[in-house]
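Just below is one structure, and these are the notes that go with it.
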């Protein structure tokens, strides 16, 4: 039996993609940054990934982390309306 996937529809035509993302949860940026940081630490600790690939993954994750830091500066969570 296949699991049912619930599709969320954007009801408002005026909401931007970023505002929609930020409206998904009150602390979505913090949670995303925490997830990326933990993923980066876990990737650094793992021994079953070749070192070059591990370094590449850490670099990509760190760039995503930096991106979400910039988003947090541009879109403070307390100003986002759901």
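The values are calculated or read from the model by the stated rules, or taken from the named source; none is laboratory data. As the structure is a prediction and not an experimental result, all values here were calculated from the model. No Cβ is skipped: glycine too gets one built from the backbone with ideal geometry, and neighbour counts run over all protein chains shown.
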inquiry  = For the range 63-78, give me the residue count where each residue is without any contact (Cβ under 8 Å) to a residue 24 or more places away in the chain and either assigned to a helix (DSSP H, G or I) or surrounded by 14 or more Cβ atoms within 10 Å (Cβ to Cβ) (or both).
reply    = 7
request  = Among what's in the range 1-19 and is out of contact with any helix residue (DSSP H, G or I) (no Cβ under 9 Å at 6 or more places or on another chain) and surrounded by 12 or more Cβ atoms within 10 Å (Cβ to Cβ), pick the residue that is modelled with the highest pLDDT.
outcome  = 19
remark   = Going through the range 20-61 in order, the residues found to be assigned to a helix (DSSP H, G or I), surrounded by fewer than 15 Cβ atoms within 10 Å (Cβ to Cβ) and touching a residue at least 24 places away in the same chain (Cβ under 8 Å) are 30, 37
